[in-house]
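Below is one structure, written out as C-alpha cells; the observations come after it.
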Amino acid sequence: GAVVSQHPSWVICKSGTSVKIECRSLDFQATTMFWYRQFPKQSLMLMATSNEGSKATYEQGVEKDKFLINHASLTLSTLTVTSAHPEDSSFYICSGWGENSPLHFGNGTRLTVT
Amino acid sequence: AQKVTQAQTEISVVEKEDVTLDCVYETRDTTYYLFWYKQPPSGELVFLIRRNSFDEQNEISGRYSWNFQKSTSSFNFTITASQVVDSAVYFCALLNTGGFKTIFGAGTRLFVKA
C-alpha cells in the first residue's frame, strides 16, 4: 500500500539552530501534503497545507517564517524549523494526499530543542 | 465551521468486550472524507478506514466495523471482542475537499485490560 517516509524519526538540536524534516511519498504522487504538530497526550493540530509547486497555506497562529514548508515535487515535502527554541519541541507528523490515496501518515519526528 | 468531536476521552474495557468509539463531525461541504486512525504508544498513526461523503455503506473488517450516518453526522467505530493489543488512542478525522484541510478529533484513549 501507499507509504509515506518521514525522517529523521527523532532529532535533538541546540536552541537557535534550524532543523529540516523530510517527508516522501514512496509509491504515490502526493499532490497535497499536510503538516501537523502533536503535543503529549493531545490531538494532531494542522500547521499547514502545501500543494506541489505552490506556497503553503498556514493555519492561524502558525508562524510561516519559523516553519518553512517546501513542496517542490509530488513526492517530497520538507518542513524546516528555523531558529528553534525549546517551546518548539514537539512531535511533527506529515501526511500525503493523492488521487485514490487514503491519506497516509509518516511515522513522525520527535524534535527536542535544548 | 468544521469540527470533529470525540466526546469519549478515555474508555476502559475488559478483554473480549465490545466497545464503540463515537465520532461526530460538522462541515458545510457536501464532499468530504472521514477517517479513523490508531495511534499506539509508539506514536505512529495507523490508517484504519477512509469513507467519502457519498458512501454510507457500513463496513466491517475483521473485528472492526464502522457505522456512517450522514443524518446524524456520525461515523462511529466498533471493536468486537476487544484485545489488549487494541489499547491505543484512536482519532477520527475529517478532510474537506472545499477548503482542503484536515481536522482531527481530540482522540479517545482505549484501555483494554486482560
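For the protein assembly as shown, a simple Cβ point-charge model (Lys and Arg +1, Asp and Glu -1, everything else neutral) yields a dipole of about 380 debye relative to the Cα centre. Charges were assigned to the Cβ only: +1 to each Lys and Arg, -1 to each Asp and Glu. The resulting dipole of chain A about its Cα centre is roughly 260 debye. With all protein chains in place and ligands, DNA and RNA left out, the 1.4 Å accessible area ranks A:LEU26, B:LEU45 as A:LEU26, B:LEU45, largest first. Taking amide H atoms as placed 1.01 Å from N in the peptide plane, the amide H of A:GLY98 lies under 5 Å from those of A:THR31, A:LEU103, each 5 or more residues away in sequence or on another chain. Rounded to the nearest Hz, the phi-derived 3J(HN,Hα) couplings of region A:3-20 under the Karplus curve 6.51 cos²θ - 1.76 cosθ + 1.60 (θ = phi - 60°) are 10, 10, 9, 10, 8, x, 7, 8, 8, 10, 9, 8, 4, x, 8, 10, 10, 10, where x marks glycine and proline.
Cα centroids of region A:60-114 and region A:9-34: 5 Å apart. Solvent exposure of chain A amounts to 49 Å² per residue of accessible area, where only protein heavy atoms count and the probe is 1.4 Å. Chain B packed on chain A takes about 1600 Å² of accessible surface away from a 1.4 Å probe, both sides summed. Shown for the protein assembly as shown: cysteine residues without a partner Cβ closer than 4.7 Å, namely A:CYS13. Rounded to the nearest whole Hz, the Karplus-based 3J(HN,Hα) values (6.51 cos²θ - 1.76 cosθ + 1.60, θ = phi - 60°) of region B:6-11 follow the sequence 10, 5, 8, 6, 9, 10, with x at glycine and proline.
Peptides B:13-24, B:51-62 ranked from most to least packed by the mean count of surrounding Cβ atoms within 10 Å: B:13-24, B:51-62. A dipole drawn for chain A from +1 and -1 charges on Cβ atoms has a positive end, and of A:HIS7, A:ALA48, A:ALA72 the residue lying farthest that way is A:HIS7. Rounded to the nearest whole Hz, the Karplus-based 3J(HN,Hα) values (6.51 cos²θ - 1.76 cosθ + 1.60, θ = phi - 60°) of region B:59-64 follow the sequence 10, 10, 9, x, 8, 9, with x at glycine and proline.
For chain A, what's the relative contact order in percent, using C-alpha pairs closer than 8 Å and at least 6 residues apart? That works out to 38 percent.
The values are calculated or read from the model by the stated rules, or taken from the named source; none is laboratory data. Bear in mind the structure is a predicted one, so any value in this text is a computation, not a measurement. Here the Cβ is made from the backbone with ideal geometry for all residues, glycine too, and neighbour counts use every protein chain on show. Note: accessible area is taken over every heavy atom of the protein model, side chains too, but ligands, DNA and RNA are not part of it. Shrake-Rupley method; radii C 1.70, N 1.55, O 1.52, S 1.80 Å.
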